[in-house]
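Remarks on the structure that follows.
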Amino acid sequence: MDEQFVSIGKAAKMLGMSIEGLRKWEREGRLIPVRTVTNHRRYRVADLHALMHETEHNSAPDTRCILYARVSTKKQQEAGNLDRQLGRLTAYAAEHQWTVVAAFTDVASGLNEKRRGLHQLLDLARERQASVVVVEYRDRLARFGLGYLETFLHAFGVRVIVMENMVKDDQQELVEDLIAITTSFSARIYGKRGGKKMGSTVRQAMATLAQEEIPE
């Protein structure tokens, strides 16, 4: 590992920048390190050399990007949330003068691993058709396990850019994800019918709780 990876201090020295600058790049998705078992950052020497070579030759960076937008429910889609999200992503790419090679959308929970749009995105990444994936919020790409997706994309030279570097606090989506988790586990334990029944029970309970929180 020592021959292929270096610490954040050595990486900063190689690039001639500060450690905080590298941390900022990580938050922006520009240069993602791997993590050791003790959670220390390690940077690929090959990635650093590529950046150094790019700087020395003053070459323009690859700016082909893929846009990805997602909402959890058909109701959100019908309300125009998906279109507006995609519009903001398109404007963001235009502002940074990136070339959009594809735009994918999904109407599904962030916990759903069988999203068609997400799989199409990953297929393009494997084909090295883009260097950047742009999402509005981190949880648009995945509610959990985003780090695994970022590592996969990074292996093909693709970085994830997040417009708003935070998790969107959308109560309705969190409720939908809770119902999805409950339904999935209940289905495994009690069968498909039992899973649907449990999901319906949770949905009714959440609706009742919401009504009780409304002041009279």
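Is segment 53-60 home to any residue that is surrounded by 15 or more Cβ atoms within 10 Å (Cβ to Cβ) and either free of Cβ contacts under 8 Å to residues at least 12 places away in the same chain or not small (Gly, Ala, Ser) (or both)? First the steps, then the outcome.
Residues of segment 53-60 surrounded by 15 or more Cβ atoms within 10 Å (Cβ to Cβ): none.
Looking for residues that are surrounded by 15 or more Cβ atoms within 10 Å (Cβ to Cβ) and either free of Cβ contacts under 8 Å to residues at least 12 places away in the same chain or not small (Gly, Ala, Ser) (or both), one finds none in segment 53-60, hence no.
I need the helices (runs of 4 or more DSSP H) fully contained in segment 73-147, keeping only those with at least 3 residues that are free of Cβ contacts under 8 Å to residues at least 60 places away in the same chain and closer than 20 Å to Met163 by Cα. Reasoning before the result, please.
Working: elements: 74-78, 81-95, 116-126, 138-141.
It comes to 81-95, 116-126.
Being modelled with pLDDT of 85 or more and under 14 Å from Gly147 (Cβ atoms) is the filter here, so list the residues in segment 20-36 that pass it.
Those that are modelled with pLDDT of 85 or more and under 14 Å from Gly147 (Cβ atoms): Pro33, Val34, Arg35, Thr36.
The values are calculated or read from the model by the stated rules, or taken from the named source; none is laboratory data. Owing to the predicted nature of the structure, the values given are computational and were not obtained by experimental measurement. Cβ coordinates were reconstructed from backbone atoms using ideal geometry, including for glycine residues, and neighbour counts include every protein chain displayed.
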